[in-house]
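The values are calculated or read from the model by the stated rules, or taken from the named source; none is laboratory data. All figures in this text were calculated on a predicted structure; none of them were measured in a lab. All Cβ positions, even for glycine, are placed from backbone atoms using ideal geometry, and neighbour counts span all protein chains on display. To get the accessible areas, we keep the full protein, side chains included, count just its heavy atoms, and leave off ligands, DNA and RNA. Shrake-Rupley method; radii C 1.70, N 1.55, O 1.52, S 1.80 Å.
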Amino acid sequence: MTSNQLSILTTIEANHGSCVFNTAINRMLSKALPDFNINFLRALTPSWYAYEVLRAVKPQPKIPLYNFKRYRRLMRESSELLDIEPFFSLGRHRYDQLMEELAYRKKDALVVGKVVWDIARIWQTPTFPNVFWLSEKLPAVKMAYAVSAHRTDMSLFQQYKDDVLRILSSYAMIGVRDDIT
């Protein structure tokens, strides 16, 4: 039995890209880190989840139920293929409480994967700091994979620049998926 615990905080079945990403990162990390027990934490605010669901089930003119059927299939396949911990709700919690909860779970490594690091005022995106900006105080090894800050408001970023630098300097690895990030 493995004792090393790695959790990936991501948007589990929010959209087709998330499902493909999560399956791929699970396979990659399972091969690269065979001594680790890898699981996923659902990490979506209620507004972001609603946005993704509405986007996923939006009818297409010629095949109205296509998106809905695809979304149901992706949710089912994600639950069958991935070890997903119960819904990790962000709606009621403050950043400090979320970091305490992650510390309590005693993970050896935490990965934020395929998430948005936007610092912006967008209704579906969580405000900074949020659970995807893992605190430098967490004892786990922190990594980021395929993150993006493509919609960041640079004037708002300036207000948080020191906090961003402090948090990011505690990550062991950061992989981005676009040039602006």
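Each residue in the stretch 8-36 was checked for being outside any helix (DSSP H, G or I) and either surrounded by fewer than 16 Cβ atoms within 10 Å (Cβ to Cβ) or at pLDDT below 90 (or both), and 11 pass.
Of all residues in the stretch 107-119, those satisfying the criterion of being modelled with pLDDT of 90 or more and either assigned to a loop (DSSP other than H, G, I, E, B) or of a type in the set (Lys, Arg) (or both) are Lys107, Asp108, Ile119.
Within the bounds of the stretch 126-133, is there any residue that is modelled with pLDDT of 90 or more and not in a loop (DSSP other than H, G, I, E, B)? No - not one qualifying residue is present in the stretch 126-133.
When every residue of the stretch 119-134 is checked against the conditions, at least one turns out to be over 15 Å from Ala43 (Cα atoms) and among the small types (Gly, Ala, Ser). With respect to the conditions (1) open to solvent by 40 Å² or more (accessible area, probe 1.4 Å); (2) at pLDDT 85 or above; (3) over 26 Å from Met28 (Cβ atoms), Tyr66 lacks only one, and its number is (2). Exactly one residue out of Ala120, Ala56, Ala109 is touching a residue at least 24 places away in the same chain (Cβ under 8 Å), within 21 Å of Ile8 (Cα to Cα) and surrounded by 13 or more Cβ atoms within 10 Å (Cβ to Cβ), and it is Ala109.
Checking each residue in the stretch 77-106 for being part of a loop (DSSP other than H, G, I, E, B), among the hydrophobic types (A, V, I, L, M, F, W, C) and at pLDDT 85 or above picks out only Leu82. I'd like to check something: does the stretch 152-164 contain any residue that is closer than 24 Å to Ser30 by Cα and buried (at least 18 other Cβ atoms within 10 Å of the Cβ)? Within the stretch 152-164, not a single residue is closer than 24 Å to Ser30 by Cα and buried (at least 18 other Cβ atoms within 10 Å of the Cβ). The set of residues in the stretch 37-52 that are assigned to a helix (DSSP H, G or I) and open to solvent by 30 Å² or more (accessible area, probe 1.4 Å) comprises Pro46, Ser47, Tyr49, Ala50, Tyr51. Selection of the stretch 124-150 for residues being within 16 Å of the chain's Cα centre (by Cα) and open to solvent by 80 Å² or more (accessible area, probe 1.4 Å) yields Thr127, Tyr145, His150.
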